[in-house]
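One structure below.
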Amino acid sequence: METPIAQLNAHENNGQQENLVNEILGEIENQQNQQPEDIQQSTQLEKEIPQNIMGEKQPSKEELIQMQQEQIMQNQMQNQMQNQMQNQMVQNKNINDEGNSNNFTEIIMQHAKSPLLVSTIFFILSMDFVKPLLAKIPNTLNQVGNINMLGMLVKALLAGVLFFISKKFLI
């Protein structure tokens, strides 16, 4: 039995998403386990803090607990911010990976437009119906009926104008 490529990519993305979710849940559990340890460490610090040499008032137990809770909250916020940044980076990477194949063809088309336009203008100006148009401008053809230097200059200027107009309005 064969599996379509679209299903393979879907299974692969689901596996990556499951790994990411499991990783985040594991970090949350670690944070919850660390909180009781932080509180135990803070009570030990309270016992070990000597009287201030300057004779200043020591913070009360409530103040110490409040400061420790604020510090714990700050650590949690930092961890959440880091997790969010990592998630955004992973999402951006996935978006960039999907867009690379489309970008390659778009880049080729974008770079090929100007050369194709120049080739088309050259082809049109090389056709036979241009000679009679140049004959209407004095001194652009020699006595035999071939295009002289002034005729080539007029033709080149016409090509430049056509390229400019096409580039400005069509591309």
Over the stretch 123-147, the set of residues surrounded by 10 or more Cβ atoms within 10 Å (Cβ to Cβ) and either β-branched (Val, Ile, Thr) or touching an Asp or Glu at 6+ places or on another chain (Cβ under 7 Å) (or both) is ILE124, VAL130, ILE137, THR140, ILE147
If you scan the stretch 139-171, which residues turn out to be outside any helix (DSSP H, G or I), touching a Leu at 6+ places or on another chain (Cβ under 9 Å) and farther than 20 Å from ALA112 by Cβ?
-> ASN139, THR140, LEU141, ILE147, ASN148
Can you name every residue in the stretch 118-131 that is assigned to a helix (DSSP H, G or I) and within 14 Å of LEU158 (Cβ to Cβ)?
-> VAL118, THR120, ILE121, PHE122, PHE123, ILE124, LEU125, VAL130, LYS131
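Every read-out reported here was derived from the displayed coordinates using simple, explicitly stated rules and does not represent laboratory data. Computed from a prediction, not measured in an experiment: that's the story for all the values here. Counting neighbours? That spans all protein chains shown, and the Cβs are built from the backbone with ideal geometry, glycine included.
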